[in-house]
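Have a look at the structure below, then the notes.
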Amino acid sequence: MSKIQVALGIAVLLAVVILTTSIPNLYLIALAVGFSFFLFAMAMLIKPQFFVKYVLKTTENNVLLSFDDGPDPVNTPLVLDILKKHKVTAMFFLIGEKVKGNEALIQRMHAEGHLLGSHSYSHDPMIGLWSRKKTTLDIGDGHDALQIIIPEAGNWYRPPFGVTNPNIAFALQKCGLHAVGWTVRSYDTVKKDPEKLLESLKRKIKGSDIVLLHDTQAYTVSIVESLIVELKRKKMTLKAELN
Ligand SMILES: [Zn+2]
């Protein structure tokens, strides 16, 4: 029995007990609320791998820089230039609806040895609340948008916002996709100070880490070169490899 089946079984059992108990039972209500929080935490956290199994490592002594939410016609080429200059490869998770018009940029990513994965079609913040059918369509369309440009891209998927649930798990299985997580989250979409961002990354990153960044904003681009130089100084390799 899978974890999802166990969780759903407990939820149904709790609902039945609560609905069939004539006297309001605060303990049961508290248990139901606690269980809901637990499921919410499991939907948002990557490390427990509760709903979905993730790839969570690159090879030893290597660091995989991963960039989400592109391709971005302004910032992605700048990131690619830096990676090329330092002979470094990375991984890019592309939003399906941004593919159109950026085909040459995606072909450049692939030609320069970077790994590519999909990041849903719409990157809708409500994806975690969608029906199974709608979720599967969006994830499938995102993957197809990439496959049309690069058929040999592989079957990698990164969930927007790191959200997973039984519908997303179903969609991944249906589309034959494997989820790739991260071990270091840069929070570069909220940390707007490049210096602080760079310092925190230098402190946190160690060998075999997968680092989550976004190639959609200038201040992330502004720290990529310094980060690469620092990681190389620490004798780490930076290759697009998953373990
Ligand atoms: Zn994203």
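The values are calculated or read from the model by the stated rules, or taken from the named source; none is laboratory data. Note that the coordinates shown come from a computational prediction; the quantities given were computed from them, not determined experimentally. Note: ideal-geometry Cβ built from the backbone for every residue, glycine included; neighbour counts use all protein chains shown.
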Notebook entry, point to check: In the range 56-108, how many are small (Gly, Ala, Ser) and more than 16 Å from the ligand (Cβ to nearest atom)?
Noted result: 2
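Residue by residue, here is whether (1) of a type in the set (Lys, Arg); (2) assigned by TED's automatic domain parsing to the domain that holds residue 80; (3) within 16 Å of the ligand (Cβ to nearest atom) holds:
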{"residue": "133", "(1), (2), (3)": "yes, yes, no"}
{"residue": "149", "(1), (2), (3)": "no, yes, no"}
{"residue": "165", "(1), (2), (3)": "no, yes, no"}
{"residue": "189", "(1), (2), (3)": "no, yes, yes"}
{"residue": "196", "(1), (2), (3)": "yes, yes, no"}
{"residue": "200", "(1), (2), (3)": "no, yes, no"}
{"residue": "206", "(1), (2), (3)": "yes, yes, no"}
{"residue": "227", "(1), (2), (3)": "no, yes, no"}
{"residue": "241", "(1), (2), (3)": "no, no, no"}
Next item on the list: Quick one: which residue in 25, 61 is assigned by TED's automatic domain parsing to the domain that holds residue 177 and modelled with pLDDT of 70 or more?
Entry: 61
Check: Does at least one position in the range 225-238 carry a residue that is closer than 26 Å to residue 127 by Cβ and crowded, with 18+ Cβ neighbours inside 10 Å?
Finding: no
Notebook entry, point to check: Pairs under 9 Å by beta carbon, first residue in the same structural domain as residue 159 (by TED's automatic domain parsing) in the range 68-80, partner within 14 Å of the ligand (Cβ to nearest atom) and among the small types (Gly, Ala, Ser), six or more apart or different chains?
Noted result: 76/70; 79/70
Next item on the list: Enumerate the helices (runs of 4 or more DSSP H) found wholly within the range 153-243, keeping only those where 1 or more residues are closer than 30 Å to residue 130 by Cβ, of a type in the set (Gly, Ala, Ser) and touching a residue at least 40 places away in the same chain (Cβ under 8 Å).
Entry: 166-175
Margin query: Which condition from (1) at pLDDT 95 or above; (2) surrounded by fewer than 18 Cβ atoms within 10 Å (Cβ to Cβ); (3) within 16 Å of the ligand (Cβ to nearest atom) is the one that residue 44 breaks?
Written below: (1)
Next item on the list: Filter the range 86-136 down to the residues that are over 17 Å from the mean Cα position of the chain (by Cα), touching a residue at least 12 places away in the same chain (Cβ under 8 Å) and over 13 Å from residue 71 (Cα atoms), then identify the one that is surrounded by the fewest Cβ atoms within 10 Å (Cβ to Cβ).
Entry: 131
Note to self: Restricting to the range 187-211, name every residue that is closer than 22 Å to residue 41 by Cβ and modelled with pLDDT of 95 or more.
What the structure shows: 204, 210
Next item on the list: Select, from 188, 193, the only residue that is out of contact with any Asp or Glu (no Cβ under 8 Å at 6 or more places or on another chain), within 13 Å of residue 67 (Cα to Cα) and charged (D, E, K, R).
Entry: 188
Check: Taking the range 109-129, which residues are within 16 Å of the ligand (Cβ to nearest atom) and not aliphatic (A, V, I, L, M)?
Finding: 117, 118, 119, 120, 121, 122, 123, 124, 125, 128
Notebook entry, point to check: If only one of 225, 241 is over 25 Å from residue 154 (Cα atoms) and charged (D, E, K, R), which one is it?
Noted result: 225
